[in-house]
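Asker: Before I ask anything, let me first share the structure, which is written out below as structure tokens.
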Amino acid sequence: MRTLCEEVGESDTGKEFTFKGWVMHYRDHGGLIFIDLRDYSGILQIVFDENIDKESFIVAKKLKNEYVVSVTGTVRKRPEGTANPALKTGGIELLAKSLQILNACETLPFQIDEESEVNEFTRLKYRYLDLRSKRLKDNLIFRSKFTHLIREFLNAKGFFDIETPFLTKSTPEGSRDFLVPSRLNHGHFFALPQSPQLFKQILMVSGFERYYQIVRCFRDEDLRADRQPEFTQLDMEMSFVETEDVISVTEELFASLFNKLLGIELERPFKVLDYDEAMDKYGSDKPDTRFGLVINNLTDIFAGSQLNVFKDNIQKGGAVKAVCLPDGSNLLSRKDIDELLNTVKDFGAKGLAWTKVGESGILEGGISKFISDDERNKTVSRLAAKNGDIIFYQSDSKKIAENVLGRLRLHLAKKYNLIPEGRFDILWVVNFPLFEYSEEEKKIVAVHHPFTSPAKKDLDRLEKDPLSVKSDSYDLVLNGEEIGGGSIRIHDSKLQGKIFEILSISPEDAKLKFGFLLDALSFGAPPHGGIAFGVDRILMLLRNENSIRDVIAFPKTQKAYCPLTDAPSSIKDVQLKELGIKLRETPGKNIKSE
Ligand code: ASP
């Protein structure tokens, strides 16, 4: 019935076709009218010539941007010198013989493909227009191919795609739940799942052995560029596996996706970093290894420092750590260095010590006059610092020093363009601690979730020294973003009970919240483990976008509002009554007016 714009080429010259689509650009050159016709495949230039077909020319006069048309004509080569190499069909055009307007279009709130001048709120309000832009359309088509390839790969590996409920009980990923009131059980609520964690474990108890699902998860968190209240996970679980098995199937999957979608061969096996090493060298459990600026430990060198801050911190069990910015003296002015002090204060630093490196490794400026020759020689050699570099020091608790320098290295890399474009660094971080102490909650909490298995070698320290116990877990990191994480699970209900105890979850509470899982584990649960990947975040990275909103068809704003549908919105009193709910406050100003 119709041909797609990008299905025709020079070899079709002289042939007749019908195209249907939208008027993208309209140019009236007197006796000639040009339009760029757009359909989902791409763009084709159409020419209406008054002298060749008067009838279609008269109809073409009425066209405006984004009118929907059907046009029939013959393909011809564009005249010498008028080809447009930026378009796939830039060497040809269609000489129109008949034109039918299928629908008109109101004046547009913004021009398609001129998104940079439009604020995001307006783009989201008219998302259907925004999605006509090439960038977003290509992102969504890529997304469709991405999920298709995942399904193809996992189905071939014997995984079953099984759906789990959205109306369920609170799951333990540690975020705030979205709640749904029950009409049939007043005062009772469903929680939307933060992930299918408990159900996928239960499916293992049922004997499915290999499960996956591309599934929406819901977390009521404060939003950032890489977060949405509802987002998509590729969720997987397998029985009778160890960490190496999960790692191996993941690597095969990602190698296949990168190869088929981007033509990139990922080097396998992927790099593996120990959690401690990641914190030590990159100050982060999701290190960006596309550039250097590795953090070095100088604590031993400065143990007897003349600088009281350094000495006192070290005596208190703290650390002195540093990063060296190659060629920093050329990149940063004195003012830039001063401004960095404010930047690191935002990262939680008390100050920022620095020195420049001069000829033959002499340290200059900053704190250089407090550094002895011996300290200097050792520092320069450990950092492999060269003439023109700048060294930034942090002395604090090990944790704060690493965190500050970790964020400083990212800041410097972005600001001074040290991140090579088009590079993908993928790696595993393993050996996470099982627990951490939460200052906020004043208790021990799980680093991943409470169903993560402790490392076997550390089991004997579980009760005596829980904070020293590592877990059987793994995170996958791409270009400094966590794109997936999972673990081998506890499949023994007694051990699970002990973990709840350490997490100060009382047996009654555990029964109330996760009783069904504990029960299931006691009926012959196989050893099992799994992983989940953030689909939106991966797509954002593969498409080189800055926000996950640009790879999601209908995302929400940073305030978790949907300008397209005006959700969330107030509801009728009768609906509340049916649910047995009375509002404690009258609804405030709608979020959209902020
Ligand atoms: N359910 C976990 C999460 O969403 C992932 C996993 O352990 O498989 O973070």
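Asker: Can you confirm whether residue 253 is more than 30 Å from residue 295 (Cα to Cα), modelled with pLDDT of 95 or more and either within 16 Å of the ligand (Cβ to nearest atom) or touching a Phe, Trp or Tyr at 6+ places or on another chain (Cβ under 8 Å) (or both)?
Answerer: yes
Asker: Report, by residue number, each residue of the range 191-249 that is touching a Lys or Arg at 6+ places or on another chain (Cβ under 9 Å), of a type in the set (A, V, I, L, M, F, W, C) and under 13 Å from residue 529 (Cβ atoms).
Answerer: Hits for the range 191-249 are 204, 236, 238, 249.
Asker: For residue 232, state whether it is in contact with a helix residue (DSSP H, G or I) (Cβ under 9 Å, 6 or more places away or on another chain), surrounded by 18 or more Cβ atoms within 10 Å (Cβ to Cβ), under 30 Å from residue 416 (Cβ atoms) and β-branched (Val, Ile, Thr).
Answerer: So residue 232 fails the test.
Asker: Right, here's the next one. Would you please name the residue that is surrounded by the fewest Cβ atoms within 10 Å (Cβ to Cβ), looking only at residues in the range 204-224 that are among the basic types (Lys, Arg) and away from the ligand (no atom under 13 Å from the Cβ)?
Answerer: The residue in question is 224.
Asker: Report whether or not residue 488 is over 16 Å from residue 505 (Cβ atoms) and surrounded by fewer than 18 Cβ atoms within 10 Å (Cβ to Cβ).
Answerer: Numbers: over 16 Å from residue 505 (Cβ atoms): yes; surrounded by fewer than 18 Cβ atoms within 10 Å (Cβ to Cβ): no.
Against the criterion (over 16 Å from residue 505 (Cβ atoms) and surrounded by fewer than 18 Cβ atoms within 10 Å (Cβ to Cβ)), residue 488 does not qualify.
Asker: Among the numbered criteria (1) over 19 Å from the mean Cα position of the chain (by Cα); (2) surrounded by 19 or more Cβ atoms within 10 Å (Cβ to Cβ), which one does residue 194 miss?
Answerer: Result: residue 194 fails condition (1) only.
Asker: Sticking with this one: For the range 340-368, what are the residues that are at pLDDT 95 or above and of a type in the set (Lys, Arg)?
Answerer: Correct list: 345, 356.
Asker: How many residues are out of contact with any helix residue (DSSP H, G or I) (no Cβ under 9 Å at 6 or more places or on another chain) and under 17 Å from residue 1 (Cβ atoms) when one looks only at the range 13-36?
Answerer: Here the count works out to 4.
Asker: Quick one: what pairs do we get from the range 517-545, first residue touching a residue at least 40 places away in the same chain (Cβ under 8 Å) and assigned to a loop (DSSP other than H, G, I, E, B), second crowded, with 17+ Cβ neighbours inside 10 Å and polar (S, T, N, Q), C-beta under 6 Å, 6+ apart or different chains?
Answerer: 526/239; 543/139
Asker: Has the range 432-450 got any residue that is away from the ligand (no atom under 16 Å from the Cβ), within 30 Å of residue 257 (Cβ to Cβ), within 24 Å of the chain's Cα centre (by Cα) and part of a loop (DSSP other than H, G, I, E, B)?
Answerer: No, the conditions are met nowhere in the range 432-450.
Asker: Which of the residues spanning the range 258-274 are touching a residue at least 60 places away in the same chain (Cβ under 8 Å) and closer than 17 Å to residue 428 by Cα? Please lay out each step first, then the result.
Answerer: Residues of the range 258-274 that are touching a residue at least 60 places away in the same chain (Cβ under 8 Å), as a first pass: 258, 260-262, 264, 266, 270-274.
Answer for the range 258-274, where residues must be touching a residue at least 60 places away in the same chain (Cβ under 8 Å) and closer than 17 Å to residue 428 by Cα: 258, 266, 270, 271, 272, 273, 274.
Asker: Name the residues in the range 183-209 that are aromatic (Phe, Trp, Tyr) and touching a strand residue (DSSP E or B) at 6+ places or on another chain (Cβ under 6 Å), would you?
Answerer: 189, 190, 208 - these are the residues of the range 183-209 that are aromatic (Phe, Trp, Tyr) and touching a strand residue (DSSP E or B) at 6+ places or on another chain (Cβ under 6 Å).
Asker: Identify, please: which residue in the range 546-582 is basic (Lys, Arg) and out of contact with any strand residue (DSSP E or B) (no Cβ under 6 Å at 6 or more places or on another chain) and is, among those, farthest from residue 189 (Cα to Cα)?
Answerer: Only one residue tops the list, namely 549.
Asker: Let me ask something else. So residue 201 clears everything in (1) more than 15 Å from the ligand (Cβ to nearest atom); (2) of a type outside the set (D, E, K, R); (3) closer than 21 Å to residue 518 by Cα except one condition, right? Which one?
Answerer: Single failed check for residue 201: (1).
Asker: Considering only residues that are among the hydroxyl-bearing types (Ser, Thr, Tyr) and either surrounded by 20 or more Cβ atoms within 10 Å (Cβ to Cβ) or over 20 Å from residue 14 (Cβ atoms) (or both), which ones fall in the range 48-103?
Answerer: Passing the criteria: 56, 67, 70, 89.
Asker: Being within 28 Å of residue 240 (Cβ to Cβ), touching a residue at least 60 places away in the same chain (Cβ under 8 Å) and within 16 Å of the ligand (Cβ to nearest atom) is the filter here, so list the residues in the range 147-173 that pass it.
Answerer: Scanning the range 147-173 gives 150, 154, 159, 169, 172, 173.
Asker: Further question: Is it the case, given these coordinates, that residue 409 is of a type in the set (Lys, Arg), surrounded by 18 or more Cβ atoms within 10 Å (Cβ to Cβ) and within 23 Å of the chain's Cα centre (by Cα)?
Answerer: Yes: the conditions hold for residue 409.
Asker: Among 279, 238, which is the only one that is within 14 Å of the ligand (Cβ to nearest atom), touching a residue at least 60 places away in the same chain (Cβ under 8 Å) and either within 25 Å of residue 447 (Cβ to Cβ) or surrounded by fewer than 20 Cβ atoms within 10 Å (Cβ to Cβ) (or both)?
Answerer: Just one listed residue meets the conditions, 238.
The values are calculated or read from the model by the stated rules, or taken from the named source; none is laboratory data. The shown structure was predicted, so the numbers you read here are calculated from the model rather than taken from an experiment. No Cβ is skipped: glycine too gets one built from the backbone with ideal geometry, and neighbour counts run over all protein chains shown.
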